[in-house]
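Quick notes on the structure that follows.
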Amino acid sequence: MAKSILMPQRAGVSHTWARTRRERLVKTVMTALFLGIGLLMVLPFLWMASASFKNAADIFVYPVQWIPQSWDLYNYKKVWLEPVCFAVYYWNSIKITFLQVLGTLVTSSLAGFAFAKLNFRFKEPLFLLYLATMIIPQQVLFVPRFIMFDYMGLVNTHIGIILPGMFTVLGTFLMRQFFSTLPGELLEAAKVDGAGYWRMYWQISLPLTKPAVVTLLILAFTWHWNEYENPLILLRDRELFTIPIGLSSYMDENGTNYPLIMAASCSALAPLILIVAICQRWFVEGIASTGLKG
């Protein structure tokens, strides 16, 4: 009698132990797999960092020397201390990107709040029409934009790059999705207390959307920091170049100076890494809350 009672219990414990063991094995395999994929993705950046300390003769030595035999700062000195130096491109990118990101946060949050919480005629058709502009390739707009900006005197100026970058359809969509998750009772209570639309936006709704704002900040900063086509078309003077355009100055008829490009690229990555490292927690939360998951 006792044996018949204990045998099912032992079988259940054995089955639970086997399932736990399988789960641990699967978890270990998946961890190793994603670790390997992560290392493959990081390898190009490690090579770039290593190559930035090498000379042109050692950069393509095979097998790859991941650790340089001698750490030479010549490439960084040349990049940062040239007559028209990388610092000029760096400052131009910082100024342009900062103003574009600031404008994006303001316009996208205002438009997202209006589309999510305000009631006005043709709200849904207008929002759908605005979203439909995402299907227009940006390359189609280069020629008409250049003609318009040339007529306005904005060619070869930073203003011609900053103004279009202050508006983004994806940013408006992201902010609208997050504002839509806020309870309507919160704004109704604020309206009863005499709050206007501006106060409901600035003091009540916007502080609750920090994850979405940080997500948009990271995305907008990445887009505009790496923007190449618009500066290439609109800027002519070298003193106005941004980092992506400035990197092309290390290529001439004699070839490409890869060590200098690697040193400049490593310097250009620093702000991106800093922004993502500081804002990563809110970025993940914002992506999960706005329906942009893969």
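Kindly check whether there is at least one residue in the stretch 125-144 that is under 15 Å from Leu174 (Cβ atoms) and of a type in the set (Phe, Trp, Tyr). Yes, the stretch 125-144 has at least one match. For the stretch 50-64, the criterion of a residue being over 20 Å from Ala264 (Cβ atoms), of a type outside the set (D, E, K, R) and either in a helix (DSSP H, G or I) or in contact (Cβ under 8 Å) with a residue 12 or more places away in the chain (or both) is satisfied by at least one position. Only a single criterion out of (1) within 30 Å of Leu73 (Cα to Cα); (2) open to solvent by 50 Å² or more (accessible area, probe 1.4 Å); (3) outside any helix (DSSP H, G or I) is not satisfied by Gly194, namely (1). Identify the single condition in (1) more than 23 Å from Val213 (Cα to Cα); (2) open to solvent by less than 30 Å² (accessible area, probe 1.4 Å); (3) modelled with pLDDT of 90 or more; (4) assigned to a helix (DSSP H, G or I) that Met148 does not satisfy, given that it satisfies every other one. The number of the failed condition is (2). I need the full set of residues from the stretch 167-191 which are buried (at least 19 other Cβ atoms within 10 Å of the Cβ) and either outside any helix (DSSP H, G or I) or not assigned by TED's automatic domain parsing to the domain that holds Arg236 (or both), in order please. Once the filter is applied, which keeps residues that are buried (at least 19 other Cβ atoms within 10 Å of the Cβ) and either outside any helix (DSSP H, G or I) or not assigned by TED's automatic domain parsing to the domain that holds Arg236 (or both), the stretch 167-191 yields only Thr168.
Take the conditions (1) open to solvent by 60 Å² or more (accessible area, probe 1.4 Å); (2) part of a loop (DSSP other than H, G, I, E, B); (3) among the β-branched types (Val, Ile, Thr); Val140 misses just one of them, which is (2). Please verify whether Trp80 is touching a residue at least 40 places away in the same chain (Cβ under 8 Å) and open to solvent by 70 Å² or more (accessible area, probe 1.4 Å), treating the condition exactly as stated. Judged against the criteria, Trp80 is a match. Reported count of residues in the stretch 127-162, each being in contact (Cβ under 8 Å) with a residue 12 or more places away in the chain and under 25 Å from the mean Cα position of the chain (by Cα), is 14.
The values are calculated or read from the model by the stated rules, or taken from the named source; none is laboratory data. Quick caveat: nothing in here was measured; it's all calculated off a predicted structure. Here the Cβ is made from the backbone with ideal geometry for all residues, glycine too, and neighbour counts use every protein chain on show. Surface areas here come from the heavy atoms of the whole protein model, side chains and all, with no ligands, DNA or RNA. Shrake-Rupley method; radii C 1.70, N 1.55, O 1.52, S 1.80 Å.
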